[in-house]
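The values are calculated or read from the model by the stated rules, or taken from the named source; none is laboratory data. Computed from a predicted structure; not experimentally measured. Using ideal geometry, Cβ is built from the backbone for each residue, glycine included, and neighbour counts are taken over all protein chains shown. Areas reflect the complete protein model, heavy atoms only, side chains present, ligands, DNA and RNA absent. Shrake-Rupley method; radii C 1.70, N 1.55, O 1.52, S 1.80 Å.
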Amino acid sequence: MAFPEPKPRPPELPQKRLKTLDCGQGAVRAVRFNVDGNYCLTCGSDKTLKLWNPLRGTLLRTYSGHGYEVLDAAGSFDNSSLCSGGGDKAVVLWDVASGQVVRKFRGHAGKVNTVQFNEEATVILSGSIDSSIRCWDCRSRRPEPVQTLDEARDGVSSVKVSDHEVLTGSVDGRMRRYDLRMGQLFSDYVGSPITCTCFSRDGQCTLVSSLDSTLRLLDKDTGELLGEYKGHKNQEYKLDCCLSERDTHVVSCSEDGKVFFWDLVEGALALALPVGHGVVQSLAYHPTEPCLLTAMGGSIQCWREETYEAEDGAG
């Protein structure tokens, strides 16, 4: 006799505040998990980048080398390198262990809004207010980018990378997807300046947020609109959005001090999480667990599900 499969547990949303960390680096412009979710990076308006263990609330290292505020950062797949971009128009490659600058790439004509490694961490992709995306080879000594993607008609606000695709969002209201295997470019017009784009975890869909206070879920291959999510406020700032770790919920920052969760399929608002008074500037969702990081002002907040019990020393 075969036992029936146990029902999968309903997804739990991170709504218990575990920690608030005062980052001590001016305003936190972005917070990012590393690849396995054990550490996080914070980008400061004081020109520094910091590496934390967010559950323990411990600062591991500070990285100094930008000439102006740091706007975005990302970690490599093996946790050995970081990349960052900022208001000084520079893209910086860092060695995690030593804290040293490995390379500084200069070529953008305006501030760098967004940076990502490719999957092997051999190339850094950077998107700038100068309407271009530049691809920098981490291993060569060449000062110029190996490729420049200049299809955007206005500043690039968001770049995401999968194993063979680059997803970009621009203030010109278009989300562009470059299929590197096919050598093709796909473009979807949203109509309002785009603040953030991302792939769903299963790679089938793309999520895009824009300054009309709307998030849209699109079928990646056809561009068909699968869902719209509203209720948050996003009219003037570049705010993050993402999908939860199991693709069950759409998550977005908001300018009214909350983080909003919607049911992906039904589109209904599931939770408006109060973070504080001010703009929730950035968020990061753990790759495999219901754990959320939010950034507001000079601090970050770490959230877990209600049933979460902190391990000794981690709470």
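Before moving on, here are some points about what is shown:
- Flag for Val156 being hydrophobic (A, V, I, L, M, F, W, C) and either within 15 Å of Leu239 (Cα to Cα) or out of contact with any Cys (no Cβ under 7 Å at 6 or more places or on another chain) (or both): yes
To keep it simple, each residue is scored yes or no on (1) modelled with pLDDT under 95; (2) hydrophobic (A, V, I, L, M, F, W, C); (3) open to solvent by 10 Å² or more (accessible area, probe 1.4 Å).
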residue: Val91; (1), (2), (3): no, yes, no
residue: Glu165; (1), (2), (3): no, no, no
residue: Tyr178; (1), (2), (3): no, no, yes
residue: Thr197; (1), (2), (3): no, no, no
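- In segment 176-196 there is at least one residue matching the filter, namely being touching a Phe, Trp or Tyr at 6+ places or on another chain (Cβ under 8 Å), within 25 Å of Arg29 (Cα to Cα) and not polar (S, T, N, Q).
- Complete set of residues in segment 248-285 that are open to solvent by 10 Å² or more (accessible area, probe 1.4 Å), of a type outside the set (A, V, I, L, M, F, W, C), more than 13 Å from Leu217 (Cβ to Cβ) and touching a residue at least 40 places away in the same chain (Cβ under 8 Å): Gln281, Tyr285
- Per the conditions (1) farther than 21 Å from Arg174 by Cβ; (2) in contact with a strand residue (DSSP E or B) (Cβ under 7 Å, 6 or more places away or on another chain); (3) not aliphatic (A, V, I, L, M), the sole criterion not satisfied by Asp202 is (2).
- Residue check, Asp240 more than 22 Å from Gly191 (Cβ to Cβ) and surrounded by 15 or more Cβ atoms within 10 Å (Cβ to Cβ): no
- Condition met for Gly87 (out of contact with any Leu (no Cβ under 7 Å at 6 or more places or on another chain), at pLDDT 95 or above and either surrounded by fewer than 21 Cβ atoms within 10 Å (Cβ to Cβ) or at positive phi (or both)): no
One line per residue, one yes/no per condition, for (1) closer than 17 Å to Gln281 by Cα; (2) at pLDDT below 95; (3) touching a Pro at 6+ places or on another chain (Cβ under 8 Å):
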residue: Leu226; (1), (2), (3): no, no, no
residue: Tyr229; (1), (2), (3): no, no, no
residue: Asp240; (1), (2), (3): yes, no, no
residue: His249; (1), (2), (3): no, no, yes
residue: Ser252; (1), (2), (3): yes, no, no
residue: Glu255; (1), (2), (3): yes, no, no
residue: Trp262; (1), (2), (3): no, no, no
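- If you go through segment 119-149 and keep only what is open to solvent by 30 Å² or more (accessible area, probe 1.4 Å) and within 21 Å of the chain's Cα centre (by Cα), you end up with Glu119, Glu120, Val123, Ile129, Asp130, Arg134.
- The residue that is farthest from Asn79 (Cα to Cα), among those in segment 28-57 that are surrounded by fewer than 19 Cβ atoms within 10 Å (Cβ to Cβ) and of a type in the set (Gly, Ala, Ser), is Ser45.
- Filter result (of a type in the set (S, T, N, Q) and either touching a residue at least 24 places away in the same chain (Cβ under 8 Å) or assigned to a loop (DSSP other than H, G, I, E, B) (or both)) within segment 40-63: Thr42, Ser45, Thr62
A quick yes/no check of all residues on (1) under 30 Å from Ala310 (Cβ atoms); (2) open to solvent by less than 10 Å² (accessible area, probe 1.4 Å); (3) touching a residue at least 40 places away in the same chain (Cβ under 8 Å); (4) not small (Gly, Ala, Ser):
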| site | (1), (2), (3), (4) |
| --- | --- |
| Gly24 | yes, no, yes, no |
| Cys83 | no, yes, yes, yes |
| Asp95 | no, no, no, yes |
| Gln100 | no, no, no, yes |
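- Scanning segment 66-104 for residues that are part of a strand (DSSP E or B) and over 21 Å from the mean Cα position of the chain (by Cα) yields Val101, Val102, Arg103, Lys104.
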